Amino acid sequence: MKTLTNKLFRPIQVGPMELKHRVVMGPLTRSRSVQPGNIPGDLMLEYYSQRASEGGLIVSEATSISVTGGGWFAAPGMYSDEQVAGWKKITDAVHQKRGYMFSQLWHTGRAGHVDSTNGATPVSSSVNPEYWQDPTILESTPHGWRQPSPHRALDITEIPGIVEDYRNAAEHAKAAGFDGVELHAGNGYLPDQFLQDGVNRRTDMYGGPIENRSRFLLQVMEALVSVWGGNRVAVRIAPGGRWNGMSDSDPDALFDYVANELNQFGLAYLHIIEPRVRGNVVVAEGQYAIGAARLRKIFKGTIIAAGGFEPGTAEEVVEKGDADLVAFGRLFLANPDLPKRVRLGLPLNAYDRNTFYTFDAHGYTDYPFYEQHSESITTAVH
Ligand SMILES: Cc1cc2nc3c(=O)[nH]c(=O)nc-3n(C[C@H](O)[C@H](O)[C@H](O)COP(=O)(O)O)c2cc1C
């Protein structure tokens, strides 16, 4: 056993939070909310409590801002009082362990299915039939995995209403005791569907030049900041991200612009998914954290890098100064005590892809803590 890390365990101030370490739990959809109603229940409470650590930051799983924006079955929501009450128990438990928690706010846009949106047709920036016709793209529905439903383009008059849904969800997240909110603007969900020109074909003020395609994202950020103040708001982007049918003709120019515009808000952090991962799979093994390294030169605040990190590479990116913190996804879901394991150089549990999006405790709250399972010498594989 060797102690790998050093920089990852230097304290850091992020917005108003005094973090004791930089091993962040990244947002992970796990489909375990209570049905009907998409309510965080006792199982989710146990899962997040297990993963809370003193001075550590958890970003919640993507959380639907509205019924119509909630295209993923059993994802929790942030629009009803019951959901707020469920989340409040979770944030209380995280705070009890002196941890911090941000809520990741989610509108799935075209990546949805009518069986999960109460029959509402999914919406997007534009209509792209090739998306719902692609047999490789599947959504979780109450009836199993299905191709997305056909979507429609948002009328320009509807856009302020969606921004308002984000604002309401931000208010609910406050009532639920979170420390802040993170807008999910990566992985091909609604804000990303406006950003990237492989999808956005609008000809109005929300389409065409980069400034127009960024407008929706920036309006949502303004709404979130109006509720929380800039230093408790964050955003997650996926520069060069191709997951969920995304593409852009000039991703560097697009995300350079976005990162620069985000400087106006004084955000808690910018969360960057590296292009070496596509959704939950590494597609460019061994590639450096080029997304964080590039935007570091443009964004003036704290950066969380994510995607394909292991303890050694996480230490490296922080050491080099290309990121301030690192979020772990798959390793955190499989290791409830990940910060401790990283700090002490302990072996890691392997994750089980078959239980990522199932509905019970198996593969969710039954991953062992190191003490419970110290003979396991498995390491994660991609
Ligand atoms: C089961 C699972 C669920 C995920 N859900 C979300 C999510 O809700 N929001 C999000 O931004 N990213 C989500 N992701 C992406 C992860 O946050 C992360 O970017 C990705 O797993 C790559 O990081 P890793 O190599 O540390 O796992 C998910 C990934 C997995 C494996």
Seminar exercise, completed: Condition set under 14 Å from the mean Cα position of the chain (by Cα) and under 10 Å from residue 56 (Cα atoms), scope segment 12-36, selection surrounded by the fewest Cβ atoms within 10 Å (Cβ to Cβ): answer is 25
For this session: Determine whether residue 170 is buried (at least 24 other Cβ atoms within 10 Å of the Cβ), over 16 Å from residue 109 (Cβ atoms) and small (Gly, Ala, Ser).
Result: yes
Exercise. Take the residues of segment 72-97 that are in a helix (DSSP H, G or I) and touching a strand residue (DSSP E or B) at 6+ places or on another chain (Cβ under 6 Å): which is surrounded by the fewest Cβ atoms within 10 Å (Cβ to Cβ)?
Worked result: 82
For this session: With respect to residue 270, determine if the residue is touching a Phe, Trp or Tyr at 6+ places or on another chain (Cβ under 7 Å), in a strand (DSSP E or B) and buried (at least 21 other Cβ atoms within 10 Å of the Cβ).
Result: yes
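Rundown of residues vs (1) part of a loop (DSSP other than H, G, I, E, B); (2) crowded, with 21+ Cβ neighbours inside 10 Å; (3) in contact (Cβ under 8 Å) with a residue 60 or more places away in the chain, yes/no style:
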{"site": "304", "(1), (2), (3)": "no, yes, yes"}
{"site": "319", "(1), (2), (3)": "no, no, yes"}
{"site": "323", "(1), (2), (3)": "yes, yes, no"}
{"site": "327", "(1), (2), (3)": "no, yes, yes"}
{"site": "333", "(1), (2), (3)": "no, yes, yes"}
Exercise. Mind checking whether some residue in segment 27-39 is in a strand (DSSP E or B), away from the ligand (no atom under 16 Å from the Cβ) and more than 26 Å from residue 319 (Cβ to Cβ)?
Worked result: yes
For this session: Determine whether segment 112-133 contains at least one residue that is assigned to a loop (DSSP other than H, G, I, E, B) and under 19 Å from the mean Cα position of the chain (by Cα).
Result: yes
Problem set entry | Selection status of residue 312, in a loop (DSSP other than H, G, I, E, B), over 26 Å from residue 194 (Cβ atoms), more than 18 Å from the chain's Cα centre (by Cα) and within 16 Å of the ligand (Cβ to nearest atom) | no
For this session: Determine if segment 137-145 includes at least one residue that is away from the ligand (no atom under 16 Å from the Cβ), surrounded by fewer than 17 Cβ atoms within 10 Å (Cβ to Cβ), without any contact (Cβ under 8 Å) to a residue 12 or more places away in the chain and part of a strand (DSSP E or B).
Result: yes
Problem set entry | Selected residue (criterion: surrounded by the fewest Cβ atoms within 10 Å (Cβ to Cβ)) from residues of segment 346-380 that are in a loop (DSSP other than H, G, I, E, B) and at pLDDT below 95 | 375
Exercise. If you go through segment 170-182 one residue at a time, do you hit one that is within 22 Å of residue 114 (Cβ to Cβ), away from the ligand (no atom under 16 Å from the Cβ) and not in a strand (DSSP E or B)?
Worked result: no
For this session: Those residues that are surrounded by fewer than 16 Cβ atoms within 10 Å (Cβ to Cβ), hydrophobic (A, V, I, L, M, F, W, C) and more than 10 Å from the ligand (Cβ to nearest atom), I need them from segment 277-289; list them, please.
Result: 283, 284
Problem set entry | Residue ID - surrounded by the fewest Cβ atoms within 10 Å (Cβ to Cβ), chosen from residues in segment 40-56 that are among the hydrophobic types (A, V, I, L, M, F, W, C) and within 16 Å of the ligand (Cβ to nearest atom) | 43
Exercise. Picking from 286, 345, which residue would you name as being free of Cβ contacts under 8 Å to residues at least 12 places away in the same chain and more than 25 Å from residue 184 (Cα to Cα)?
Worked result: 286
Problem set entry | Some residue of segment 151-167 being in contact (Cβ under 8 Å) with a residue 12 or more places away in the chain, over 26 Å from residue 225 (Cα atoms) and in a loop (DSSP other than H, G, I, E, B) | yes
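Matching residues to (1) more than 16 Å from the ligand (Cβ to nearest atom); (2) touching a Ser or Thr at 6+ places or on another chain (Cβ under 8 Å); (3) without any contact (Cβ under 8 Å) to a residue 24 or more places away in the chain:
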| residue | (1), (2), (3) |
| --- | --- |
| 220 | no, no, no |
| 227 | yes, no, no |
| 235 | no, no, no |
| 239 | no, no, no |
| 244 | no, no, no |
| 254 | yes, yes, no |
| 264 | yes, no, yes |
Exercise. So which residues in segment 98-111 are under 15 Å from residue 24 (Cβ atoms) and in a loop (DSSP other than H, G, I, E, B), if there are any at all?
Worked result: 99
Seminar exercise, completed: residue 59 vs (1) assigned to a loop (DSSP other than H, G, I, E, B); (2) surrounded by 22 or more Cβ atoms within 10 Å (Cβ to Cβ): all pass except (1)
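The values are calculated or read from the model by the stated rules, or taken from the named source; none is laboratory data. The structure displayed is predicted, hence computed values, not measured ones. Here Cβ is always computed from backbone atoms with ideal geometry, including for glycine, and neighbour counts include all displayed protein chains.
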